Amino acid sequence: MRPPRLASRLLARAFRGDPAAPAILGDLNEDFVRVLETRGRMAARLWYWREALGLASGRVAHGLAHALRSFLRPGSLGEDAVHAARTLRRSPGFALFVGAVIGLGVAAVTTVYSVLKPLALALPFEDAHQLVWISNSEAAGDSSLSAVTSRTVNLIDFRAGTRSFSGITGYDAFFASRFYTLAGAGEPESLVGVGVAHDFLDVLGVRPLHGRSFTAEEGQRGGPAAVILSHRLWRDRFASDRTVVGRGVTLNGTPRTVVGVLPASFDFSSVFSPGVEVDFLLPFVVSRDNAFQGNVLALIGRLRPGVTPEAAQSELTTLNAALGETDPERWGLGAELETLQDHLAGPFRGSLLLLAAAAGVLLLVVCVNVSGLMIARSPSRAREMAVRKALGAPRGRLMRQLVLETLGISLIGAAVGSLLAWLATRVVTNAAMIHIPLMDSVELDTSALLVAAGVAVLTGVVVGTIPALQVAEGGEAGVLQAASRGSSASRGARRLREGLVFAEVALACALLVVGGLLLASFRAVLDVDLGFEPANTVAWQLQPGTPFESYGEKMAFYTRLGGRVRAAPGVESTGLIDGLPLGRNRAWGFQVVGLAEGEDTDEQVFPHVVDPGYLPTMEIPLLAGRNFSPADVEGSTPVVILNQTGARRIFGGEEEALGRRLAFWGPWEWEVVGIARDVRHLSPETGSGIEVYFPHAQMPDYGPMDLVVRSRLPSSQVVATVSGVLEDVDPGMPRHEFWSLESTVAGAVSDRRFALGILSAFGFAALLLAALGIYGVLSQTVAEREPEIGIRMALGASGPDIVRRVLGRMLLLTAGGIAAGWALSLLFSDVLDAVLFGVAPVDPRAFLGTGVVLLAVAALASGLPARRAVSTEASSVLKSP
Amino acid sequence: MSRLGEFEFLVLLAVLRQKEAPYANHVREDLEANAGRRVTRGALYRTIDRLVEKGFLAWELEPSEVPERGGHPMRRLLVTEEGLEAARETRTVLVTFLDGLGPVLGET
């Protein structure tokens, strides 16, 4: 009866290099037999395992403590550092290359950290954890803006009736559709301003750079007309002039006093409205007068210190119940709290998580790759170490030197990584097309640099110390040394290297699969039928220079303008709408005329005010009924066009809807005269809700219009022509606010493009590293097997035979790695499910495509070593010593 | 006791007591049976290593015919001259300090 083989092997390994090891094994054996005789087989085996584990772990702990002690012994640390630096200088190519590879991983992690930090970790506000977003209702799944906003009356009542908050404030959530013209020197400029409650900046904890925030008086109806400039507007338009505070400016004809300038650290649009630049803040009147409008305010509260969101939530819920009891008619009473952080980051959580995971995987690829490089170098280092050891250098010193070398390489890695991360973050902040909150705040700050250095050192220590230990111990190194001579011991070393390649291929495969899925998803979004044709269009934001005296004047202005533009050369058609798709969001309630009380739905519609040219210009087809005509004017029967979803959901079909009537606010009943195809107004991924088009000749409630022009001419030509016409029609109107609908579509998919871009870069880097790994291992294998190959050739093996032999194993290894990578990427499927659109997380195209790419790359990387193998001269190999 | 810890001293003495067969297993059995303490294998081996480092103990491997050892050699432990010297010193220190303490320690 022998002791458990695995346990004794473990023991032998732990005591490797100790000359007393055989005696220790013998001692244990002897006692094992005694225990076996007295207590039986099972007990003896257990006893042996316990003893072996105790001995082995004690031995390892002792060895580590010893190594650490000698490593930390001050003595000649400086000398060792100099020696390490000299060694690195002796092979600068290796040091730089490994440093660059580490830098790649460091850059990935640091960039992703920098991108995630403002959004996921630290909002740029004082005590940001106290800030909460107060939605109007449990808007699960409802993406319309009205569901996350609240009524002004709610703000007044919440302020008065709660004790959990040190402040509750709000801003006009529909500001993006209100434009201002700043009059003064130079070209008239169209600007965007946001109405905010007077205490908005105080609640957020933002202090103006110059001047002050709004006073309570300025927030009253009829209070002093004030404005706070954004840092950008102040810099660009007012040349960073401090004395602008206190001066007057004219906005849409109203004189206002500049009372403050926002600091550069607070960019309203970057936090609350990525993609819509905000130029200034205005006081929003919060009073009982305007309290009963719809859900126009986005509410933000600051919790008192120590108050949890749950406590505040329950206070608000109780308050709302009481308010609802007092006034049973009151609508829009709801309050759903979430932290501001969750509100802002929520929609992007999936993508961010995915990016973080991908950066981690890339870092792993880097670690594996660097391990491979270090191990490939160990045979030569082992010889050097053996010589130095023989000359009397203590093991601790040798290890210390190796670790110092690794640290040196890590520092190169940290430097390269920081540089790459700096470049990457610059690209991210300058990409104006990314509509993700706080992307402007992305910067490579001290904490990011610390992360970079930490990751580099950790990587270096993890991948560098283990080979260093082996080299210093003379353990594994012995095997590797033998490998370099091509002896039979090389099998273990080759397995180790092949294992690393396998891991690299698997990790790279997982990254590529995820990248492929994102690509497929991105294409699926681009392929979505938006319901309109964005190509060959240019749009203008129309901001008439002088306010209209009457509705009739407004009508006449837009009609005249439309006619003039339509007549311009090259213009095929024009349309007007109060908010082009993928830019605006609002909702109205409605009733179906003729339905009894209680039969109404709670559904809301998305209203659009258009002219008769809009639907044809956007190429939105009519499925039934007719388009608006010039005859639909004030005084004639009010008419609307309903979209397909609306017709089906409200009336059960397109034909059924025609001729029916709807009522919105106001006394009018609107007859449905046409059914238009659905348009994705909110985002390419969001299906259409119920949409209603009103003719601008009958619906007075619209703000500035967007003009859309369809033309086959190059857009520069269209812009020149139309700008000329606009100037002619109204010289006071800004004409430089134009864009193509294609760019709007691009903006709507920008967060996908962003995630895809980063992941593609990661995937590509991983692929490159995997190729490098395959190449390295194969070169080494071919070099080792040269004698064998030479003999085979001498015995008549053909070139293709040899290639098959050399390549076969590598391709098998790659195939195994691919399979493992597929399994690995399945782990991502939950996160992916939330991010992907129109593609399943197990889409076979992404999986197979990745496999093919990896196999092809493996074959390419193997090409050179394989050729070298074929050109092996049998005679020269056999002659060599 | 300046050069020898208490356990080291015990191990050294135990090696000397084995006379014919000074092997680690016997040393351990002796300590467990007569010093009234439980000795883990790891602690004993580490102490042996430490005594070897200090130059108080040496050892040599000798082939063993004992079937229970499964062909593994035995390690014969030898107390060096320096080891003997250190043991003597420790004894002197102990005797000096015990002198006159008989009544206190309840010696009859």
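Brief remarks on what is shown
- Scope segment A:153-178; condition modelled with pLDDT under 80 and β-branched (V, I, T); matching residues: A:V153
- Condition check for A:S137: of a type in the set (G, A, S), over 18 Å from A:F268 (Cβ atoms) and modelled with pLDDT of 85 or more: no
- Count - residues of segment A:799-824 that are under 30 Å from the mean Cα position of the chain (by Cα) and surrounded by fewer than 20 Cβ atoms within 10 Å (Cβ to Cβ): 5
- Qualifying residue in segment B:17-26 (condition: buried (at least 20 other Cβ atoms within 10 Å of the Cβ), among the aliphatic types (A, V, I, L, M) and more than 8 Å from chain A (Cβ to nearest Cβ)): no
- Taking (1) away from chain A (no Cβ under 14 Å); (2) not in a helix (DSSP H, G or I) in turn, B:E65 satisfies each apart from (1).
- Filter pass, A:R16 being touching a residue at least 24 places away in the same chain (Cβ under 8 Å) and not in a helix (DSSP H, G or I): yes
- The test for being within 11 Å of chain B (Cβ to nearest Cβ) and either more than 26 Å from B:R76 (Cβ to Cβ) or touching a Cys at 6+ places or on another chain (Cβ under 6 Å) (or both) holds for A:M1.
- A:T601 falls short on exactly one of the conditions (1) closer than 21 Å to A:L707 by Cβ; (2) modelled with pLDDT under 85, and that condition is (1).
- Selection of segment B:27-62 for residues being acidic (D, E) and within 11 Å of another protein chain (Cβ to nearest Cβ) yields B:E29, B:D49, B:E60, B:E62.
- Restricting attention to segment A:4-20, the residues being facing chain B (nearest Cβ under 9 Å) and surrounded by fewer than 18 Cβ atoms within 10 Å (Cβ to Cβ) number 2.
- Across segment A:25-44, the qualifying residues are those that are surrounded by fewer than 18 Cβ atoms within 10 Å (Cβ to Cβ) and more than 22 Å from B:R75 (Cα to Cα), and the one among them that is farthest from the other protein chains (Cβ to nearest Cβ) is A:M42.
- Test result for B:L10, crowded, with 17+ Cβ neighbours inside 10 Å and within 14 Å of chain A (Cβ to nearest Cβ): no
The values are calculated or read from the model by the stated rules, or taken from the named source; none is laboratory data. Here the structure is a predicted model, which is why all the values come from computation and not from measurement. We place every Cβ from the backbone using ideal geometry, glycine too, and count neighbours over all the protein chains shown.
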